[in-house]
Structure formats: structure tokens, C-alpha cells
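The values are calculated or read from the model by the stated rules, or taken from the named source; none is laboratory data. From a predicted model like this one, the values you see are computed outputs, not experimental measurements. Positions of Cβ are generated from backbone atoms using ideal geometry, with glycine treated the same way; all protein chains shown enter the neighbour counts.
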Amino acid sequence: MASGEGSNFEALILACRADQPPADVVLLVVNNPGCRAQERAGRLAVPCRLIDHRRHPSREALDDALIEAFTAAAVDLVVMAGWMRIVSPRLVAAFPGRLVNIHPSLLPSFRGLDAVGQALAAGVTLAGCTAHLVNEEVDAGEILVQAAVPVHAHDDHASLATRIQRQEHRILPLAVALAAQRLRDRTAAGAGRGTAAVQPSG
């Protein structure tokens with residue numbers, strides 16, 4: 001899922017094609033027609049679907065369309081790689097433990113919009129990025145991977161955001177690999193419970 005430039009989407013594609021993680025990106029969904037992410041999908045030969053939030057009367061209606069698209073594509077994980085919309089509990093419930101987000105701060109600090117601007121305004125000396133599982137509270141799900149980025153005295157919004165984004169490109173594939181391994185472990189545990197033998201009495 002992407003809304004704008006799509007650089008995290010492309011970084012994830014390239015990592016997957018290098019087998020790090022061993023996964024396939026089978027669908028990109030964008031909500032802004034003509035966004036750069038859509039162009040990247042065409043260049044990288046990844047199927048792309050436009051689900052414009054402006055054409056849906058509510059957040060829940062948008063998420064219903066997303067659920068339909070991802071279910072039809074039979075995805076295992078959903079990655080919010082620069083998705084600039086708050087999702088509803090409906091999407092979270094459809095993919096429990098299978099929805100990953102990347103956020104440009106060291107959560108739990110600077111949740112929500114313009115985390116880079118928030119960090120600069122607060123005068124911190126250390127910023128960064130976080131890949132985390134998504135729950136019903138904004139930017140509050142379980143943390144998977146983080147990377148710290150020092151804030152230099154001469155930094156402005158653009159320079160700090162650029163350095164943070166480089167680390168996003170590095171940690172997002174790691175987070176996807178970790179989330180996928182957790183999913184495999186959970187599936188294996190469930191399969192083990194389902195096939196347990198019971199010795200008949202008597």
C-alpha cells in the first residue's frame with residue numbers, strides 16, 4: 001500500500017528479488033492516481049490497482065475495498081509502505097498480525113503526521129524510523145525493527161527525512177521477514193495442534 005513516491009515499495013521489491021526476504025510482492029495498491037509509486041510498479045512489472053479514497057464514503061468503505069483486493073490476490077502479509085491514510089479496525093481485523101507499517105520516527109515518540117517535523121521542533125539529537133505491526137491505535141502496534149538516525153545541527157526537514165528514508169529502505173525488508181516468520185511459526189503451531197493424536201482409552 002502506497003500513496004506517494006513509493007521508494008519503500010521499490011526497496012522492498014528489490015530486496016525480495018534478491019531473496020532477502022524470500023517473498024514475492026504480488027500487488028501494489030495506491031490511493032492517488034498518477035502517483036510515483038504507480039509509475040514504479042509499471043517499471044518493475046508489479047500489478048498495481050488504484051483504490052481512490054475519494055471515491056469511498058468512509059474509511060470503512062475504503063478498507064472493505066482493500067480487503068477485497070488483498071483477499072483476491074491471496075496475500076499473506078500486507079505492508080503499508082507510505083500509505084498516508086489511517087486505517088480502520090476493519091482492515092486490522094482482516095489481517096491480524098499480518099499488517100506491517102513503516103513510520104519515520106523512533107516510536108513511541110512522534111506518532112502521527114510529519115514525524116520528522118515533530119522531531120526537529122522538539123530539538124532531539126536522535127531520530128529514526130520504526131517498522132511495526134498495525135493495531136487499532138495509530139502508530140502504536142508491536143515494534144518489529146528500528147533504526148536510529150542522528151540529528152545534525154545543520155539539518156533541515158529535507159536532509160533529515162532523506163537520511164531516515166535510507167534506513168527505512170534497510171529495515172522494512174527485515175520487518176517483513178520477521179513478520180513472515182512469525183506467521184509461519186503460528187501456522188505450524190496451529191497445524192501441530194490440529195493433527196495431535198489421542199490414544200484411545202481401554
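Quick grid of which residues meet (1) within 13 Å of S105 (Cα to Cα); (2) among the acidic types (D, E); (3) in contact (Cβ under 8 Å) with a residue 60 or more places away in the chain; (4) in contact with a Gly (Cβ under 8 Å, 6 or more places away or on another chain):
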residue: T125; (1), (2), (3), (4): yes, no, no, no
residue: G128; (1), (2), (3), (4): yes, no, no, no
residue: L133; (1), (2), (3), (4): no, no, no, yes
residue: V145; (1), (2), (3), (4): yes, no, no, no
residue: H152; (1), (2), (3), (4): no, no, no, no
residue: R163; (1), (2), (3), (4): yes, no, no, no
residue: A175; (1), (2), (3), (4): no, no, yes, no
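Please verify whether segment 178-198 includes one or more residues that are β-branched (V, I, T), over 30 Å from R90 (Cα atoms) and at pLDDT below 95.
Yes.
Taking segment 84-99 as the region of interest, how many residues are touching a Gly at 6+ places or on another chain (Cβ under 9 Å) and charged (D, E, K, R)?
Summing the residues that are touching a Gly at 6+ places or on another chain (Cβ under 9 Å) and charged (D, E, K, R) in segment 84-99 gives 0.
Looking at segment 65-100 only, could you name the residues that are in a helix (DSSP H, G or I) and either closer than 21 Å to D139 by Cα or of a type in the set (A, V, I, L, M) (or both)? So that I can check it myself, show each step before the final result.
Kept after step one, since they are in a helix (DSSP H, G or I), are these residues of segment 65-100: 65-72, 89-94.
Correct list: A65, L66, I67, A69, A72, P89, R90, L91, V92, A93, A94.
Quick one: which of A61, A37 is modelled with pLDDT of 95 or more and under 19 Å from P173 (Cβ atoms)? Walk me through how you get there before you give the answer.
On the way: A61 fails: under 19 Å from P173 (Cβ atoms).
Among A61, A37, only A37 is modelled with pLDDT of 95 or more and under 19 Å from P173 (Cβ atoms).
Looking at P57, P150, which is the one that is touching a strand residue (DSSP E or B) at 6+ places or on another chain (Cβ under 7 Å), surrounded by fewer than 18 Cβ atoms within 10 Å (Cβ to Cβ), over 26 Å from Q181 (Cβ atoms) and not charged (D, E, K, R)?
Details: P57 fails: touching a strand residue (DSSP E or B) at 6+ places or on another chain (Cβ under 7 Å).
After ruling out the rest, the residue left standing is P150.
Can you tell me which residues in segment 101-141 are under 30 Å from A74 (Cβ atoms) and part of a loop (DSSP other than H, G, I, E, B)? Give the derivation first.
Keep residues of segment 101-141 that are under 30 Å from A74 (Cβ atoms), which gives 101-103, 129-141.
Residues satisfying the conditions are V134, N135, E136, E137, V138, D139, A140, G141.
Among the residues of segment 60-76, what is the count of those that are under 26 Å from A177 (Cβ atoms) and surrounded by fewer than 20 Cβ atoms within 10 Å (Cβ to Cβ)? Can you show your working first?
Initially, segment 60-76 is screened for residues under 26 Å from A177 (Cβ atoms), giving 63, 66-67, 69-76.
Applying the additional criterion that residues be surrounded by fewer than 20 Cβ atoms within 10 Å (Cβ to Cβ) yields 67, 69, 71-76.
Residues that pass the stated criteria total 8.
Residue by residue through segment 7-46, note down the ones that are surrounded by 13 or more Cβ atoms within 10 Å (Cβ to Cβ), closer than 22 Å to E68 by Cα and either in contact with a Lys or Arg (Cβ under 8 Å, 6 or more places away or on another chain) or of a type in the set (A, V, I, L, M) (or both).
F9, A23, V25, L27, L28, V29, V30, N31, A37, A41, V46
Report whether or not I86 is modelled with pLDDT under 95, of a type in the set (V, I, T) and either surrounded by 19 or more Cβ atoms within 10 Å (Cβ to Cβ) or under 19 Å from M1 (Cα atoms) (or both).
Values: modelled with pLDDT under 95: yes; of a type in the set (V, I, T): yes; either surrounded by 19 or more Cβ atoms within 10 Å (Cβ to Cβ) or under 19 Å from M1 (Cα atoms) (or both): yes.
So I86 passes the test.
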